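> What follows is a structure written as structure tokens; I'll ask about it next.
The values are calculated or read from the model by the stated rules, or taken from the named source; none is laboratory data. Fair warning: this is a prediction, and the values are worked out from it, not measured in the lab. No Cβ is skipped: glycine too gets one built from the backbone with ideal geometry, and neighbour counts run over all protein chains shown. Calculation scope for accessible area: heavy atoms of the full protein, side chains included, ligands and nucleic acids excluded. Shrake-Rupley method; radii C 1.70, N 1.55, O 1.52, S 1.80 Å.
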Amino acid sequence: MLTIMRREFNSYFSSPIGFIYLAVFYILSGFFFFSTTLIYDTADMSYLFSNLYSIIMFLIPILTMRLLSEEKKQKTDQLLITSPVSLFSLIMGKYLSALLVFSTGVAVTILYAIVLASFTPIEWAVFFGHLVGLFLLGMALIAIGMFLSALTESQVIAAVLGFAVMLLLMMIDPLAQYVNTPILSDFLSGLSFNTRYSSFTLGVFDFSNALFFISVAAVFIFFTIRVFEKRRWS
Amino acid sequence: MIEVKNLVKQYGKKRAVDDVTFTVNKGEILGFLGPNGAGKSTTMNIITGYLSATSGTVTINGHEILDDPVNAKKSIGYLPELPPLYLDMTVKDYLDFVYDLNKAKLPRNQHIQEICELVKITDVYNRLIKNLSKGYRQRVGIAQALIGNPEVLILDEPTVGLDPKQIIEIRNLIKELGKKHTVILSSHILSEVQAVCERVIVINNGKLVADDTPDNLSKDMSTDHTLTVRVEGPEDEIYKLLTKIPNMVSVQALGEKENGGVYDFSVEAKKGEDIRREVFKRLAARNWPILSMRTNQLTLEDIFLQLTSEDKSNGGAK
């Protein structure tokens, strides 16, 4: 698992993808840190984190698009699958490498907090609540992206599917409002990533929300393993 | 060592592999022969655990590939049809990665160095795989299969894309490896199998059509008792003379050859009868020189065509 994770992590940075992802993330988060926090002379970073929600929604498909599609295309999956490594540790290795790159990006907010703390005392507990929320959101989204990447041989298709799903996730809230059937509406808003994530940005650590993201991640990792299993049998 | 039992792989309505059974013993080099699309690669993919069989079992070293995949896969080194290379890695990083992936417990640097020397890739050791030529890539693929010193090597068309000199090198290498490893080698090039393998399995349309040594295959099907003779002299009289030889079944005149006055005859005796000496004596007595005489032994090519084109699953061989 660690072997696969290490190789995958290195390959993010032997191609431009890792650098582009990080650069775009740093620029955008830096911009929002400036425009929502610094410029208003406030120590409240919640606006930054709620803006990061839509940023990572669009960046994560880039991070995950080649994760498994490229293996299939280059036939390197043959090497991985025929080596004495279980399918679970193979997929987890891949997943963790993407999560690691994601975390490298997100970690920059700690720097922002330190910068802020040098001017004014900040509420570290709230800040780490934000950070955990963002990390959990990333966990769920990366699992979804990885699953989509397992479905196809083409990075482009994986990315487009990823964007489509992310867009859908962002539209769930307005959709829930339009639906008249209360059950369906409740169901949809229950699925809303935004609602669950924004409770983190409000400084509320609700365990059920954390569990929701972790469950989504687990379910999609499981699905990814099933995709590989199924491919062997068809 | 490797036991394949009643292997079936169904793709929709097509049976890619149809009830294939064979065993490979320790230290054997088995050739896996068949035309394109016969099911060679599919069978190999099943043996290595990349695909699952619709039914049937594969046991490697006593480990069932589905029940105990990790242990079964540990003893296999696999070179698929397309070498599974990460193009963005250097040869060194790639082999290191494969070493870790196989959880090999040998002195790392020494082991990798030995393999590189064996397949002659030391000079590209620090280069990116993406910049290597096809021949080098193929050799890195072979190196990859050798890492961890697996007891079983499964090589899917290992000499594809190599130049003739490299092909000979790789064949010798495989022969060398066959002394310590059990090797399954697939190919559609017959001379290759003939040169390297001790045993040949011929597969066509997913079915096993033959399983024997290359020599036996050609012996069983050969037509030792038929000769082609080239004689200088009058055609009609030679023809008459030949038909009078005892045990003769048929004589066929093949027409005038070379620059005239020379004729070819196809001669068939009863099965098991050697009439070459008699032919020589009688023609010599009449002073008609024999310019050439050869038995019509089938090459592996002929056998192969015979086995795969006529749809008789017991085509002479087992």
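> For B:I238, are the conditions met, namely being touching a Ser or Thr at 6+ places or on another chain (Cβ under 9 Å) and surrounded by 14 or more Cβ atoms within 10 Å (Cβ to Cβ)? Talk me through it step by step, then tell me what you get.
Working: touching a Ser or Thr at 6+ places or on another chain (Cβ under 9 Å): no; surrounded by 14 or more Cβ atoms within 10 Å (Cβ to Cβ): yes.
For B:I238, the condition - touching a Ser or Thr at 6+ places or on another chain (Cβ under 9 Å) and surrounded by 14 or more Cβ atoms within 10 Å (Cβ to Cβ) - is not met.
> Is it the case that B:G77 is in contact (Cβ under 8 Å) with a residue 40 or more places away in the chain, on the phi > 0 side of the Ramachandran plot and in contact with a strand residue (DSSP E or B) (Cβ under 6 Å, 6 or more places away or on another chain)?
So B:G77 fails the test.
> Just wondering, is there one or more residues in segment B:103-111 that are within 12 Å of chain A (Cβ to nearest Cβ), closer than 23 Å to A:T3 by Cα and in contact (Cβ under 8 Å) with a residue 12 or more places away in the chain?
yes
> Further, regarding this structure: Could you identify the single residue in B:E258, B:E268, B:E235 that is modelled with pLDDT of 85 or more, touching a strand residue (DSSP E or B) at 6+ places or on another chain (Cβ under 9 Å) and not β-branched (V, I, T)?
B:E235
> Give me the pairs: first residue in segment B:53-67 and assigned by TED's automatic domain parsing to the domain that holds B:G12, second residue among the β-branched types (V, I, T) and assigned to a loop (DSSP other than H, G, I, E, B), beta-carbon distance under 7 Å, and six or more apart or on different chains, which are they?
Once the first residue is assigned by TED's automatic domain parsing to the domain that holds B:G12 and sits in segment B:53-67, its partners that are among the β-branched types (V, I, T) and assigned to a loop (DSSP other than H, G, I, E, B) give B:V58/B:I65.
> Find the residue count for segment A:97-123, including only residues that are part of a helix (DSSP H, G or I) and either of a type in the set (S, T, Y) or open to solvent by 50 Å² or more (accessible area, probe 1.4 Å) (or both). So that I can check it myself, show each step before the final result.
Start the filter on segment A:97-123 by keeping residues that are part of a helix (DSSP H, G or I), which leaves A:97-106, A:108-117.
Checking the rest, the ones that are also either of a type in the set (S, T, Y) or open to solvent by 50 Å² or more (accessible area, probe 1.4 Å) (or both) come to A:97, A:100, A:103-104, A:109-112, A:114-115.
Residues meeting the conditions: 10.
> Also, quick follow-up: What is the residue count in segment B:116-128 for residues that are under 29 Å from the mean Cα position of the chain (by Cα), in a helix (DSSP H, G or I) and surrounded by 20 or more Cβ atoms within 10 Å (Cβ to Cβ)?
Qualifying residue count, segment B:116-128: 2.
> Mind checking which pairs have a first residue in segment B:116-134 that is among the hydroxyl-bearing types (S, T, Y) and a second that is open to solvent by 40 Å² or more (accessible area, probe 1.4 Å), Cβ under 7 Å, 6 or more apart or different chains?
B:Y125/B:K92
> Out of everything in segment B:84-101 that is open to solvent by 30 Å² or more (accessible area, probe 1.4 Å) and touching a residue at least 40 places away in the same chain (Cβ under 8 Å), what residue ends up being nearest to the other protein chains (Cβ to nearest Cβ)?
B:D88
> Pick out the one residue from B:L190, B:L155, B:L146 that is open to solvent by less than 20 Å² (accessible area, probe 1.4 Å), farther than 28 Å from B:D93 by Cβ and not polar (S, T, N, Q).
Exactly one residue qualifies, and that residue is B:L190.
> Okay, next question. Pick out, from segment A:1-95, the helices (runs of 4 or more DSSP H) lying fully within it that include 1 or more residues that are within 14 Å of chain B (Cβ to nearest Cβ) and open to solvent by 50 Å² or more (accessible area, probe 1.4 Å).
Output list reads A:2-14, A:16-33, A:69-73.
> Continuing with the same structure: Of the numbered conditions (1) assigned to a helix (DSSP H, G or I); (2) surrounded by fewer than 23 Cβ atoms within 10 Å (Cβ to Cβ); (3) within 12 Å of another protein chain (Cβ to nearest Cβ), B:E81 fails exactly one; give the number of that condition.
B:E81 satisfies every listed condition except (1).
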